[in-house]
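Here the structure is laid out as structure tokens; the discussion comes afterwards.
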């Protein structure tokens, strides 16, 4: 279905751009809705009145009031959203009525922290749901099929060819690319006997891995036994029970969180370049590429972006949820909130930092476009 729509639009001039924009709006809309839904239901759970639930910023396109008096709306700028809570913060000119029990600011610290944290937690919940669904229907992983063959490494000398399907290694059955990599890693530099399935029939080959220095995803140099092949286009579905899928969904979400934190740490310390930071254009491109391959890669991409959104919002930067949580933690420890002046200054600094990062991300996107 997705591939068909993409192919149809690509027949027209600029159709690829239209497709990219539509997919970006759809994906980002889902992520923003879940995030704000978390804030909304947490606020309702502790008796805070929600005045507005908006997907997007700016002028309203369409909206309605629910029976609780909340205005639900869709706005023109699809780059975020917000939940406007009653009595979020008073000021000197407009103090809050102390008798107003539906005001956010009058709730205990733990309740306000719950409301603020619920947005990122909802994104984590979405990621777990997506990963669980993908595992339950059958985890798609690369098959043990040979793609490209490096002519300078042992696989080429042994006679391996693009399209070969590896069936066994030293008598051990292999199904996935991970199975094949594991066998190569365990062998070291010892000979491997491979049974290959080709169009012409089964073939038995012997290949001796070579220890080579490779670059991992962080650009670090590692010594690994290799034979000089990359995976082909074939995939296999690995089934999981519902319990296994749920556990796996949680594990993948936590693994991805650690991966993102590691990358952020390496960027901050200069071990990775800032060019790895991407903005809306890169996200839109990757969303469209995922959708072009079908629903499975698209759902995986949504899970990936949901973890990113949830984690970024937990960073202790004013204007983000993490910044609000830090202020509330201070209030919980000291017994009184930060002064309105300090809060205002911190919000301005946090906003400036966020705008700077967005500009930098846009710059990286433009550089990528120019570079093709």
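FYI, it's all coordinate maths here, none of it is from the lab. Just so you know, these numbers come straight off a predicted model, no measurement behind them. Cβ sites come from the backbone with ideal geometry, for glycine too, and all protein chains shown count toward neighbours.
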Each label sits 7 Å from Cα toward the beta-carbon; between residue 295 and residue 243 the label points are separated, in nm, by 2.8 nm
Among 243-251, 320-328, what's the highest-first ranking by average C-beta atoms within 10 angstrom per residue?
320-328, 243-251
What whole-number volume per residue, in cubic angstrom, does the convex hull of the C-alpha atoms of region 196-305 give?
180 Å³
For the pair residue 172 and residue 79, what calculated FRET efficiency results from E = 1/(1 + (r/R0)^6), where r is the Cβ-Cβ distance and R0 = 41 Å, to the nearest 0.05?
0.20
Kindly give Rg over Rh for the chain, based on alpha-carbon atoms, with the Kirkwood expression for the hydrodynamic radius.
1.06
So, R0 is 25 Å and r is the distance between the beta-carbons of residue 161 and residue 140; what FRET efficiency does that work out to, to 0.05?
0.55
Linear extension gain, residue 189 paired with residue 71, 0.36 nm per residue minus alpha-carbon span:
35.9 nm
Cα axis of helix 109-138 to longest principal axis of the chain: angle in degrees, 0 to 90, nearest 10?
30 degrees
Ellipsoid equivalent to region 193-255 - semi-axes via the Cα gyration tensor, in Å
30, 24, 10
So if each residue of separation counts as 0.36 nm, and I subtract the Cα-Cα distance between residue 198 and residue 109, what length gain in nm does that give?
25.5 nm
Note to self: C-alpha centroids of region 322-370 and region 247-302 sit apart, in Å, by 22 Å
Please identify, among 274, 294, 171, the residue showing maximal mean-square fluctuation in a Gaussian network model of the chain using a 10 angstrom Cα cutoff.
171
May I ask for the angle, rounded to the nearest 10°, between helix 280-292 and the longest principal axis of the chain, with both axes built from Cα atoms and the value confined to 0 to 90°?
50 degrees
For 40, 82, ascending order of other Cβ atoms within 10 Å (fewest first) is 82, 40
Would you mind computing, in nm to one decimal, how far apart the modelled labels at residue 148 and residue 264 are, each placed 7 Å from Cα along Cα→Cβ?
3.3 nm
Choice from 222, 254, 349 with maximal GNM fluctuation in the chain (Cα, 10 Å cutoff):
222
Packing-based exposure ordering (other Cβ within 10 Å, fewest first) of 290, 230, 346:
230, 346, 290
Stretchable slack from residue 213 to residue 21, in nm (0.36 nm times residue separation minus alpha-carbon distance)
65.1 nm
To the nearest 10 degrees, how steeply does helix 177-187 sit against the main Cα axis of the chain, on a 0 to 90 scale?
60 degrees
Which of 176, 193 has the fewest other C-beta atoms within 10 Å, and how do the rest follow up to the most?
193, 176
GNM flexibility winner over the chain from 313, 123, 276 (Cα, springs under 10 Å):
276
